[in-house]
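Novice: Let me give you the structure first, and then I'll get to my questions.
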Amino acid sequence: MAAYRLITKILHAKFSKEDAHGSLHMPVYDNVTFEFKSAEDLELAFQGKKPAHMYSRISNPTVEHFEQRVQAITDAQGVMALASGMAAISNTILAICRTGDNIITSKHLFGNTYSLFEQTLKDWGLQTRYADLTQPQEVARLIDEKTRAIFFETITNPQLEVVDLKALSAVAKPRNVLLIADTTMTPPYLFSAKEFGVDLEVISSTKWISGGATSVGGLIIDYGTYDWKRNDKLQKDAVKYGPFALLNRLRREVYRNIGACMSPYNAYLQSLGLETLPLRLDAACANTLKIAEFLQKAPQVKSVNYPGLKNSAFYQIARKQFGDKPGGVLTFDLASKEQCFAFLNKVKLLRRATNLQDNRTLILHPASTIFCEYDAKLKQEMGVRETLIRLAVGIEDYRDLIADIEQGLEGLR
Ligand SMILES: *Cc1c(COP(=O)(O)O)cnc(C)c1O
């Protein structure tokens, strides 16, 4: 039988065990523990010699089913679902780095990720080096024997910068540096990370995947492309577990001990969300382009930033990497912070809220919210201007969205 195509695969992932009642949806196993037939079975399970669920902080049937569905559509070596996107990022870094190691990234980074690297993990001896990731030579110069990974976002938020992944991976691969992509803005279906040399994908499934802000969640997707013998901390695991070294270390140590597991109920919601991902993504991306084109013509708008616009500096590379759907977020500049606030206060349909890819369109002034803890200089380095507004576009009828934006802009300069 021919292999199913992606959308079909998303909907028809098999259960790992037949359900006792023939349920078509994986039920919510919202339980803590699992009973064993004998002391011997318990021992084998705890030794990892016989796969079984033992305790829901470590693994759970509903969470596992969600992981397997993501695995089926990505052809990954393995997938791990966690409590949040931040849990996915922190668990990953804690599993691959020791005190004194470094990672390379850009200051064009989700605010909390920057804070994780610069505050939380810095105190434990992780060094973070910042480069302009669109300049591969600059990245190459920062790599040394303690560099464990290059970490980047496929479309940065809110700068909407797109890195050329072939160029970045040409720097990482010969130097044996792990390439980690935060693909929150471009999840599977929209983007095939492995094709572009990404070894490890981390996602805030809170955003696109959850099905419209139903729940918080995160994913780690390991493509099995990185030779873990090259990682100082995972060398021994690599000898024993080969390409499963990281996943094994997570499950049997870091993920288990940190305890940021996904709740079974959230896994159920996120599985439902996954089923409609392609439909929602198509609708929101089409809306985003229409709104971007409208804003380009509005005299009050000083500039519009969306990689799907032909005059965007990232149009060509976005097209190569994401086809005709470069995400559902756009930003634009008005004349001043005051004008931004006036606009935010005037819109009626757009919701003033922080999140991305809710089913509803959300509007935010990044400089005074997500980035408010940073001083003016750092905000400038991060590309967060006081005149910038972010729209995370939903799946409403675009004509209603444009009408609301139009009335919001009336009377502004
Ligand atoms: C939201 C977000 C995160 C954090 O995800 P949570 O699920 O909120 O923990 C990480 N990276 C990016 C790009 C995000 O947008």
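The values are calculated or read from the model by the stated rules, or taken from the named source; none is laboratory data. This is a predicted model, so every value here is computed, not measured. All Cβ positions, glycine included, derive from the backbone under ideal geometry; neighbour counts span all protein chains shown. In case anyone asks, the SASA skips ligands and DNA or RNA and just uses the protein heavy atoms, side chains included. Shrake-Rupley method; radii C 1.70, N 1.55, O 1.52, S 1.80 Å.
Novice: For the stretch 248-397, what's the relative contact order in percent, using C-alpha pairs closer than 8 Å and at least 6 residues apart?
Specialist: Normalised by residue count, the contact order of the stretch 248-397 is 23 percent.
Novice: Related question: Pairing the Cα long axis of helix 398-409 with the longest principal axis of the chain, what angle in degrees results, from 0 to 90 and rounded to the nearest 10?
Specialist: 50 degrees
Novice: Tell me, what is the per residue accessible area of the chain in Å², probe radius 1.4 Å?
Specialist: Per-residue value: 45 Å².
Novice: Here's another thing I want to ask about it. Specify the angular offset, from 0 to 90 degrees and rounded to the nearest 10, of the alpha carbon long axis of helix 337-346 from the longest principal axis of the alpha carbons in the chain.
Specialist: Taking the Cα atoms of the chain, the angle to 337-346 is about 80 degrees.
Novice: Rg over Rh of the stretch 257-413, using C-alpha atoms and the Kirkwood radius, what does it come to?
Specialist: 1.00
Novice: For the chain, set up a GNM with springs between Cα atoms under 10 Å and report which of Q137, Q47, Q380 has the largest fluctuation.
Specialist: Q47
Novice: So how long is each side of the stretch 200-330 along the principal axes, counting just the alpha-carbon atoms, biggest first, in Å?
Specialist: Computed over the Cα atoms, the extents are 61, 36, 23 Å.
Novice: Output the Cα-based Rg and Dmax of the stretch 1-135 in Å, rounding Rg to one decimal and Dmax to a whole number.
Specialist: 19.7, 59
Novice: Moving on. Let me know the Rg and Dmax you get for the stretch 121-193 when you use only its Cα atoms, in Å.
Specialist: Reported Rg and Dmax, both Å: 12.8, 37.
Novice: Expressed as a whole percentage, what fraction of the accessible surface of the chain belongs to carbon and sulfur atoms when a 1.4 Å probe is rolled over the protein heavy atoms?
Specialist: The nonpolar share, carbon plus sulfur, comes to 52 percent.
Novice: Here's another thing I want to ask about it. Remind me, relative contact order of the stretch 113-175 in percent, using alpha carbon pairs under 8 angstrom and six or more residues apart?
Specialist: RCO, the stretch 113-175: 29 percent.
Novice: Would you report the distance distribution of C-alpha pairs in the chain as whole percents per 20 angstrom bin, up to the bin with the largest distance?
Specialist: Pairs per bin, as whole percents: 26, 56, 17, 1.
Novice: Could you pull out every one of the lysines with an alpha carbon less than 19 Å from that of K9, ignoring same-chain neighbours closer than 8 positions?
Specialist: K17, K194
Novice: Any idea what % of Cα-Cα pairs in the stretch 87-157 are farther than 20 Å? Provide the component values of the computation, followed by the final result.
Specialist: Values: 570 of 2485 pairs.
Tail of P(r) above 20 Å: 23 percent of Cα pairs.
Novice: Output the 0 to 90 degree angle, nearest 10, between the alpha-carbon long axis of helix 61-74 and the longest principal axis computed from the alpha carbons of the chain.
Specialist: 60 degrees
Novice: Rounded to the nearest 20 debye, what is the charge dipole size of the chain about its Cα centre when +1 sits on each Lys and Arg Cβ and -1 on each Asp and Glu Cβ?
Specialist: Using only the charged Cβ atoms, the result is roughly 480 debye.
Novice: Could you give the size of the charge dipole of the stretch 278-409 about its Cα centre, using +1 on the Cβ of each K and R and -1 on the Cβ of each D and E, expressed in debye and rounded to the nearest 20?
Specialist: Values: 19 positive and 15 negative charges, 35 e Å.
The dipole magnitude comes to about 160 debye.
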